[in-house]
Amino acid sequence: MITKEFELHVEGFAKSPLSSNDLKANFALGLAGESGEVADLIKKHLYHGLALDRAGLVLELGDLLWYWVALTQAFDLSPSEIMAANIAKLQSRHGGTSFDRAKAAAAKGETLADLD
Ligand SMILES: [Mg+2]
């Protein structure tokens with residue numbers, strides 16, 4: 001769960017003279033940018049033969065989380081509400097607490113044969 005301490009941390013550092021729309025765009029672009037940084041670390045580990053930069057991954061996932069929380073705040077959304085909605089969506093789609101390929105296909109009106 002996202003802690004109140006982290007939410008307050010983001011709230012403090014997210015203060016800016018930018019307009020509301022510019023802040024939202026900044027956070028959305030920041031989220032995309034940090035996702036790229038996470039992907040790049042994993043790419044270098046899996047395909048360039050480098051050792052996993054675990055410390056770097058921790059920092060980049062933190063940046064990613066920061067932008068995610070900032071975006072929730074910019075749109076007055078509750079992280080808890082978002083997490084609960086995601087749990088409900090996946091449990092509904094898969095009928096349990098783990099991924100079920102057939103049920104995922106069925107949720108999209110497809111069969112496993114459609115996916116292969
Ligand atoms: Mg970063």
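Computed from the coordinates by the stated procedures, all read-outs in this text should not be read as laboratory data. Predicted model, so just to flag it, every value in this text is computed and none were measured. Glycine gets a Cβ as well: all are built from the backbone with ideal geometry, and neighbour counts include every protein chain shown.
Here are the numbers for this structure:
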| quantity | calculated |
| --- | --- |
| Qualifying positions in segment 1-57 - closer than 28 Å to Asp76 by Cα, aromatic (Phe, Trp, Tyr) and more than 15 Å from the ligand (Cβ to nearest atom) | Phe6 |
| Neighbours by Cβ (under 7 Å, 6+ apart or cross-chain): first from segment 51-72, closer than 21 Å to Gly12 by Cβ and touching a residue at least 24 places away in the same chain (Cβ under 8 Å); second more than 9 Å from the ligand (Cβ to nearest atom) and of a type in the set (Ser, Thr, Tyr) | Leu64/Ser35 |
| Condition broken by Phe99, with the remaining ones in (1) among the aromatic types (Phe, Trp, Tyr); (2) surrounded by 15 or more Cβ atoms within 10 Å (Cβ to Cβ); (3) not in a helix (DSSP H, G or I) satisfied | (2) |
| Which listed residue is farther than 27 Å from Leu41 by Cβ, surrounded by 11 or more Cβ atoms within 10 Å (Cβ to Cβ) and touching a helix residue (DSSP H, G or I) at 6+ places or on another chain (Cβ under 7 Å), from Leu71, Leu112 | Leu112 |
